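Asks: Quick one: structure below, then a few questions.
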Amino acid sequence: MEILLLRTALAPSLVLLVSVVARRSGPRRGGLLLGAPTTSGPFLALMWFSGGSAAAARAAQGNVAAQLIVAAFCLGYGRLAPVLRPARTLTVALVCAAGAGLLAALCANVWLTAALALAVIFAGLRTWPAPAHPDRPPHRARRWDLPVRMAVSATTVLLAVHAADALGSFTGGILAALPVLLAVMALSTHRSTGAPAAAAMMRAALTVAPCTLGFLLTTYTALAASVTRG
């Protein structure tokens with residue numbers, strides 16, 4: 001029960017932190033936090049405590065696969081935000097993420113999946129110019145906006161945790177690293193501050209994704225070696 005509560009509390013806590021950072025320092029810094037392994041890192045630690053090195057290694061492999069989904073979502077939302085309304089932008093970005101998820105599911109090799117994710121990330125950044133003023137702080141949001149963001153993220157993660165328990169640690173790793181928080185924050189930022197701020201947040205998250213991928217691959221390698229030695 002304690003692990004379930006901790007997993008569920010991580011998502012709304014991060015939404016609160018990113019919202020405060022974005023409000024004070026601009027959407028780019030908020031995006032950097034969203035792209036960092038702020039949820040996957042604690043999730044892997046919890047998997048290790050509850051299921052051992054083998055379960056955590058499978059979860060880390062799922063996290064790596066999810067980075068391809070994250071990259072596709074960031075590219076889809078960030079590039080389309082200036083030309084589409086928030087709801088339509090989110091819909092198209094989720095379709096892009098679903099296509100990437102299907103590709104990740106079909107790719108059984110963790111290193112090939114990581115290579116595909118890096119190719120998408122670097123190709124996206126190469127063809128996506130940085131916004132001119134990415135750090136303009138957002139306007140004051142409605143009072144109910146932040147609680148709704150936190151509630152949506154907590155509910156989604158709770159559903160993902162239950163699905164992971166039923167479907168296994170690899171699937172749990174994918175679900176734990178899905179761009180749920182990115183979707184919540186992108187839509188909210190797009191509506192409250194505008195397309196440039198949402199695009200800046202998505203590009204910042206994409207910029208830090210290679211570091212997150214490196215962290216996950218290192219963790220996976222260490223856990224897999226531990227299982228082999230054991």
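Asks: Restricting to segment 40-68, name every residue that is surrounded by fewer than 24 Cβ atoms within 10 Å (Cβ to Cβ), aliphatic (A, V, I, L, M) and at pLDDT 80 or above.
Replies: 54, 55, listed by residue number.
Asks: For segment 200-209, indicate whether the set of residues that are open to solvent by 40 Å² or more (accessible area, probe 1.4 Å) and either touching a residue at least 40 places away in the same chain (Cβ under 8 Å) or part of a helix (DSSP H, G or I) (or both) is non-empty.
Replies: Yes, there is a match, as at least one residue in segment 200-209 is open to solvent by 40 Å² or more (accessible area, probe 1.4 Å) and either touching a residue at least 40 places away in the same chain (Cβ under 8 Å) or part of a helix (DSSP H, G or I) (or both).
Asks: Which of the residues that make up segment 16-33 are modelled with pLDDT of 75 or more and open to solvent by less than 20 Å² (accessible area, probe 1.4 Å)?
Replies: 26, 27, 30, 31
Asks: Pull out all pairs, ordered by first then second residue, where Cβ-Cβ is under 7 Å, the residues are six or more apart or on different chains, the first lies in segment 55-78 and is closer than 16 Å to residue 205 by Cα, and the second is surrounded by 24 or more Cβ atoms within 10 Å (Cβ to Cβ) and among the basic types (Lys, Arg).
Replies: Between residues of segment 55-78 that are closer than 16 Å to residue 205 by Cα and residues that are surrounded by 24 or more Cβ atoms within 10 Å (Cβ to Cβ) and among the basic types (Lys, Arg), the close pairs are 78/203.
The values are calculated or read from the model by the stated rules, or taken from the named source; none is laboratory data. Keep in mind the model is a prediction, meaning the values are calculated, not measured. Backbone-built Cβ (ideal geometry, glycine too); neighbour counts: all protein chains shown. Calculation scope for accessible area: heavy atoms of the full protein, side chains included, ligands and nucleic acids excluded. Shrake-Rupley method; radii C 1.70, N 1.55, O 1.52, S 1.80 Å.
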